[in-house]
């Protein structure tokens with residue numbers, strides 16, 4: 001139980017840090033760093049507490065039931081592999097926090113940076129711990145979204161915006177492919193539990209959909225880990241601040257893909273298709289990244305392609321799939337994270353103290369920055385695979401796997417040659433990083449005079465370089481036991497411990513390492529001058545940039561092709577778009593129901609009531625009148641449309657659906673006022689600008705009548721067939737039987753909304769909040785036509801705000817003022833009775849919104865806002881917070897998300913009264929509905945009032961001209 005609680009603490013701790021730092025003022029740089037570092041350090045304490053349980057061999061699990069019926073649970077698990085990975089993330093995260101504190105400028109919004117960094121850390125940790133493959137994809141995509149914010153932190157620069165956009169498009173698209181693969185796996189196995197998936201490799205590989213699953217899975221992993229041909233996004237992400245690059249591209253973002261490959265190798269690996277796809281892609285990426293890195297002139301650009309190359313090495317090992325290959329892959333993940341983070345930080349120090357990252361301008365910095373230079377030399381030696389460095393050990397293990405026999409194919413035979421050639425280039429670019437920057441003549445044209453940084457900025461680099469040395473000299477004592485446990489947790493079998501040692505004798509891998517070192521030195525010094533003076537890329541290939549191809553493809557797919565399609569089938573006119581949507585809906589439903597929509601053999605019918613028939617005749621007349629008046633008088637059409645809506649409301653009441661009747665009535669009021677205000681924005685009718693001038697008016701009306709008749713007849717036929725079928729037991733009967741006994745309410749409709757189907761309602765109110773904010777944002781950007789503003793003087797524009805809409809509607813404002821208190825009482829009445837009688841949070845929210853709206857209709861805007869402080873956005877925020885907190889609170893009692901509880905409470909002097917936690921959730925619904933509705937209607941009222949005053953001014957000017 002203690003371990004489960006520790007896992008939950010670990011899952012939520014970074015997000016708590018993100019919220020805490022987000023609330024700090026922009027100048028609280030030190031406080032943001034302290035909060036972030038302290039909570040990450042607490043996370044390391046949690047990992048220390050879990051080490052004993054994890055080392056026993058069995059994963060430690062914690063489950064929060066989310067939507068069990070759909071197989072969605074917040075299931076977390078930590079085994080030795082995950083423990084090692086999370087410890088690595090937290091350790092480097094703490095060093096990045098320290099580094100960023102002294103790297104970022106005083107003018108940067110540092111709390112925002114730490115908030116993003118902590119949120120990303122939380123998403124990464126939850127992805128690593130996910131025990132449900134669907135939740136794994138959720139956190140996987142969350143890392144893509146937050147990395148977009150981190151890469152675009154300096155959004156004022158074009159490069160940051162482009163790099164962030166490219167990274168998001170590529171990695172998020174791969175995440176969608178990963179989601180499809182996980183959904184197919186879930187359908188094959190009937191479960192989304194990670195442990196059961198990993199144990200069902202034989203079933204997955206034997207299924208006919210295995211090739212499709214593997215391709216989609218690899219697209220997700222390759223895009224995240226920047227494997228060829230999806231590597232181009234990572235160099236563009238170098239526009240991010242160096243702390244971001246050091247974190248995302250050493251231990252977190254790009255390592256997520258290789259983590260997934262290693263994690264799922266028991267389930268999806270072991271086939272020839274896996275070997276060629278994974279190992280082949282890894283080896284191609286290894287060689288390509290190493291070659292391009294040698295020619296890059298930007299320090300971070302060289303490190304970016306070096307990262308791509310090393311990720312290819314790890315991918316190739318995952319493709320080989322043996323226990324020793326998995327061991328080498330995990331070992332190199334750790335080693336690469338350590339030396340690459342230190343190199344990124346060293347590059348950031350160089351740029352910070354010299355003002356440039358261009359290696360063609362940097363030279364002889366060892367004279368000015370001897371400590372930083374020494375640290376960079378040691379880290380570069382680890383990257384090159386020099387003996388006594390941690391990188392040498394894992395690279396030698398990679399060589400051993402490359403020369404081993406696997407399947408005898410051409411790729412298997414080529415592995416040693418490709419590995420050696422790529423290592424030669426790795427030595428060459430590592431040597432260039434050192435020789436070009438720290439040795440040679442003193443620099444002459446640097447923007448700043450170079451010098452050593454403050455000690456705290458250099459401290460993280462020193463700690464990482466020390467780790468490179470310690471692991472390189474004492475691998476068996478430092479990482480050996482942990483790596484062996486990690487391999488066992490991946491393969492699921494107990495293996496003999498592998499001895500990670502410096503010396504295994506003179507063998508082929510050692511000779512390959514020495515040959516690569518000698519070849520790299522020769523290659524660099526033979527072509528150093530030509531490389532420094534040449535383009536940023538290999539000869540003949542530097543113009544063929546994947547990034548440029550991506551930009552051209554994006555331009556083609558997102559601009560030119562859509563414009564061409566729009567020119568053929570599209571239209572900017574609303575009527576044409578609506579007609580197309582209706583026709584497509586008719587066609588789709590017709591194809592789906594053709595031949596299946598049949599009347600029951602013995603239809604169930606009732607005698608037609610004359611009163612009901614008369615009511616529908618009135619409703620039909622209103623609908624037809626609205627369609628006819630829409631051509632001549634919009635206000636009359638809106639009035640008649642309201643009449644049709646009122647008849648619909650009475651129909652619900654007639655058929656014993658009072659909840660629907662109440663909701664329909666309230667929504668009808670709100671939408672009528674909304675449309676009434678919106679009418680002011682529509683242009684004046686002129687036949688010469690009609691949306692379709694190719695047809696005469698009579699033909700257009702006839703065409704629209706036919707379309708409307710077909711759609712209406714189809715809906716009527718569907719309704720008739722459904723309602724005349726014999727009554728059979730269905731899900732509605734279950735709700736009717738269990739509404740009171742399961743949820744403590746007699747109003748079944750409200751019980752379904754806030755209890756049985758509360759998860760759906762939570763999603764719907766979230767969408768409503770998004771819609772409200774979107775409408776508000778659009779209306780804030782709305783500007784009337786220039787001709788309406790041309791002659792309006794500032795004082796007249798200001799005067800427009802002092803007049804009420806009631807002046808235009810000819811309604812006494814005192815009536816609207818008197819209606820406010822009764823409406824509040826009605827709203828409270830509907831809310832409190834909703835669990836047992838018609839009403840509820842939605843109805844009460846709309847009712848209260850109508851009360852606020854009437855005040856805006858009855859008084860001038862300034863009068864209302866001086867007396868009523870509505871703050872609709874806060875209403876929305878508190879509504880979502882209350883609804884979500886109600887759902888999360890169920891976790892504390894061991895129940896799934898949004899599980900409600902009902903019982904009778906004995907109150908003094910009153911007695912027993914029914915009480916349900918669903919009432920709290922309904923409070924959130926009520927608050928959000930009020931906020932969203934009032935936000936939209938207030939925004940419309942402001943704009944509509946302003947535009948009405950402008951048009952009135954134009955009309956007065958026109959009359960004055962006629963009189964003159």
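The values are calculated or read from the model by the stated rules, or taken from the named source; none is laboratory data. Every value quoted in this text rests on a predicted model; they were computed, and no experiment measured them. Reconstructed Cβ throughout: ideal geometry from the backbone, glycine too, with neighbour counts over all protein chains shown.
State yes or no: is residue 86 under 27 Å from residue 897 (Cα atoms), touching a residue at least 40 places away in the same chain (Cβ under 8 Å) and in a helix (DSSP H, G or I)? If you could, list the steps in order and put the result at the bottom.
Numbers: under 27 Å from residue 897 (Cα atoms): yes; touching a residue at least 40 places away in the same chain (Cβ under 8 Å): yes; in a helix (DSSP H, G or I): yes.
Yes, satisfied.
Which residues, taken from the range 630-641, are part of a helix (DSSP H, G or I) and surrounded by fewer than 18 Cβ atoms within 10 Å (Cβ to Cβ)? Give the derivation first.
Let us first name the residues in the range 630-641 that are part of a helix (DSSP H, G or I), namely 634-641.
Those that are part of a helix (DSSP H, G or I) and surrounded by fewer than 18 Cβ atoms within 10 Å (Cβ to Cβ): 634, 635, 636, 639.
Could you please let me know if residue 463 is under 24 Å from residue 305 (Cβ atoms) and in the same structural domain as residue 298 (by TED's automatic domain parsing)? Spell out the reasoning first.
Working: under 24 Å from residue 305 (Cβ atoms): no; in the same structural domain as residue 298 (by TED's automatic domain parsing): yes.
Taking the combined requirement at face value, the residue does not satisfy it.
Go through 176, 142, 168 for me and flag whichever is under 27 Å from residue 273 (Cα atoms) and either assigned to a helix (DSSP H, G or I) or free of Cβ contacts under 8 Å to residues at least 12 places away in the same chain (or both). Show your work before the answer.
Details: 142 fails: under 27 Å from residue 273 (Cα atoms); 168 fails: under 27 Å from residue 273 (Cα atoms).
Criteria check complete, one pass: 176.
Going by the conditions given, is residue 100 closer than 29 Å to residue 21 by Cβ, surrounded by fewer than 23 Cβ atoms within 10 Å (Cβ to Cβ) and modelled with pLDDT of 90 or more? I'd like the intermediate steps shown before the answer.
Details: closer than 29 Å to residue 21 by Cβ: yes; surrounded by fewer than 23 Cβ atoms within 10 Å (Cβ to Cβ): no; modelled with pLDDT of 90 or more: yes.
Here the answer is no, as residue 100 does not meet what is asked.
Spot the failing condition for residue 644; the list is (1) exposed (fewer than 15 other Cβ atoms within 10 Å of the Cβ); (2) within 24 Å of residue 718 (Cβ to Cβ); (3) free of Cβ contacts under 8 Å to residues at least 60 places away in the same chain, and only one is missed.
Only one criterion in (1) exposed (fewer than 15 other Cβ atoms within 10 Å of the Cβ); (2) within 24 Å of residue 718 (Cβ to Cβ); (3) free of Cβ contacts under 8 Å to residues at least 60 places away in the same chain is unmet by residue 644, namely (1).
If the requirement is being touching a helix residue (DSSP H, G or I) at 6+ places or on another chain (Cβ under 6 Å) and at negative phi, which of these qualifies: 226, 246? Break it down into steps so the answer makes sense when it comes.
Working: 226 fails: at negative phi.
Unique residue meeting the criteria: 246.
Which condition number does residue 93 fail, the rest of (1) buried (at least 21 other Cβ atoms within 10 Å of the Cβ); (2) more than 23 Å from residue 34 (Cβ to Cβ) being met?
It fails just one condition, (2).
Among the listed residues 62, 18, 31, 48, which satisfies the condition of being buried (at least 20 other Cβ atoms within 10 Å of the Cβ) and closer than 23 Å to residue 96 by Cα?
Working: 62 fails: closer than 23 Å to residue 96 by Cα; 31 fails: buried (at least 20 other Cβ atoms within 10 Å of the Cβ); 48 fails: buried (at least 20 other Cβ atoms within 10 Å of the Cβ).
From the options 62, 18, 31, 48, the qualifying one is 18.
Which one of these is without any contact (Cβ under 8 Å) to a residue 24 or more places away in the chain, within 27 Å of residue 766 (Cβ to Cβ) and touching a strand residue (DSSP E or B) at 6+ places or on another chain (Cβ under 8 Å): 835, 901? Write out each step before concluding.
On the way: 835 fails: without any contact (Cβ under 8 Å) to a residue 24 or more places away in the chain.
So the residue among 835, 901 that is without any contact (Cβ under 8 Å) to a residue 24 or more places away in the chain, within 27 Å of residue 766 (Cβ to Cβ) and touching a strand residue (DSSP E or B) at 6+ places or on another chain (Cβ under 8 Å) is 901.
Take the range 184-209 and flag every residue that is touching a residue at least 24 places away in the same chain (Cβ under 8 Å) and not in a loop (DSSP other than H, G, I, E, B).
Initial filter on the range 184-209 (touching a residue at least 24 places away in the same chain (Cβ under 8 Å)): 184-186, 188, 191-195, 197-201, 204-205, 209.
Across the range 184-209, the qualifying residues are 184, 185, 186, 188, 193, 194, 195, 197, 198, 201, 204, 205.
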